[in-house]
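Single-structure report; data block below.
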Amino acid sequence: MMIKGVMTEVYNVGDSDGWTTPVNTSYSKWASSKKFHVGDTLWFHYDPASHNVVQVNQMGYRLCNISSNARVGVKTYETGNDSFRIKGPGHYYFICSFPGHCKAGQKLDVRVLKKYPMTTPTPTPKTIAMAPTSPANALYPYPITSLLFGTIVVSIICAM
């Protein structure tokens, strides 16, 4: 996916394990192995009869709390195939609100970098080839023909 000339990524949360409990994948290890950027998408795959995804603040993440003051927004994702697009830098916290799931490790802290790395390679400086100098032209590096031509032109102009 491209956003203003920058590639974005779609991350399947938990990779092949998806969003589940018991947690076979540590979501904190999973998230720390990635570099998330603005414009990337988190894809949550799970069984909707057994799980959901709720975006919470840091307190809600630490305490596995979905009270109204811990929620970010009012949306609870419940389809089993949900995506969340990262809109800015900072931390994004998600938990499963089914009893015991968050405390069992079904929670995710995503840290988003402030800047997206450029996908185009950095240009390398170009070297300009210089003609080798010899003792004959060391004091005057221009070809002798230029010097003679310049003298001829000046002589013609002065003669007029």
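Would you check if Ser146 is over 28 Å from the mean Cα position of the chain (by Cα), surrounded by 10 or more Cβ atoms within 10 Å (Cβ to Cβ), over 17 Å from Gly14 (Cα atoms) and modelled with pLDDT of 75 or more?
In short, no.
Name the strands (runs of 3 or more DSSP E) wholly inside region 44-118 in which the number of residues that are of a type in the set (D, E, K, R) is 3 or more.
By residue number, 107-112.
Check off (1) open to solvent by less than 70 Å² (accessible area, probe 1.4 Å); (2) in a loop (DSSP other than H, G, I, E, B); (3) out of contact with any Pro (no Cβ under 8 Å at 6 or more places or on another chain) for Tyr11 and give me the number that stays unchecked.
(2)
Within region 19-43, track down each residue that is within 20 Å of Arg85 (Cβ to Cβ) and part of a helix (DSSP H, G or I).
Result: Tyr27, Trp30, Ala31.
Report, by residue number, each residue of region 5-37 that is farther than 24 Å from Thr79 by Cβ and not hydroxyl-bearing (Ser, Thr, Tyr).
Those that are farther than 24 Å from Thr79 by Cβ and not hydroxyl-bearing (Ser, Thr, Tyr): Gly5, Val6, Met7, Lys29, Lys35, His37.
Search region 37-63 for residues that are in contact (Cβ under 8 Å) with a residue 60 or more places away in the chain and over 19 Å from Pro22 (Cβ atoms) and pair each with any residue that is assigned to a loop (DSSP other than H, G, I, E, B) and open to solvent by 40 Å² or more (accessible area, probe 1.4 Å) when their beta-carbon atoms are under 6 Å apart and the residues are at least 6 apart or on different chains.
Partner pairs satisfying both residue conditions: His37/Leu113; His37/Tyr116; Asp40/Glu9.
When you go through Thr122, Thr79 one by one, which is the residue that is modelled with pLDDT of 50 or more, open to solvent by 80 Å² or more (accessible area, probe 1.4 Å) and β-branched (Val, Ile, Thr)? I'd like the intermediate steps shown before the answer.
Working: Thr122 fails: modelled with pLDDT of 50 or more.
Every option except Thr79 fails the conditions.
Scan region 64-71 and tell me whether some residue there is modelled with pLDDT under 95, over 18 Å from Asp40 (Cα atoms), small (Gly, Ala, Ser) and surrounded by 10 or more Cβ atoms within 10 Å (Cβ to Cβ).
Yes - at least one qualifying residue is present in region 64-71.
The values are calculated or read from the model by the stated rules, or taken from the named source; none is laboratory data. All values derive from a computational prediction rather than experimental measurement. All Cβ positions, glycine included, derive from the backbone under ideal geometry; neighbour counts span all protein chains shown. Remember, those area values only see protein heavy atoms, side chains included, never the ligands or the DNA or RNA. Shrake-Rupley method; radii C 1.70, N 1.55, O 1.52, S 1.80 Å.
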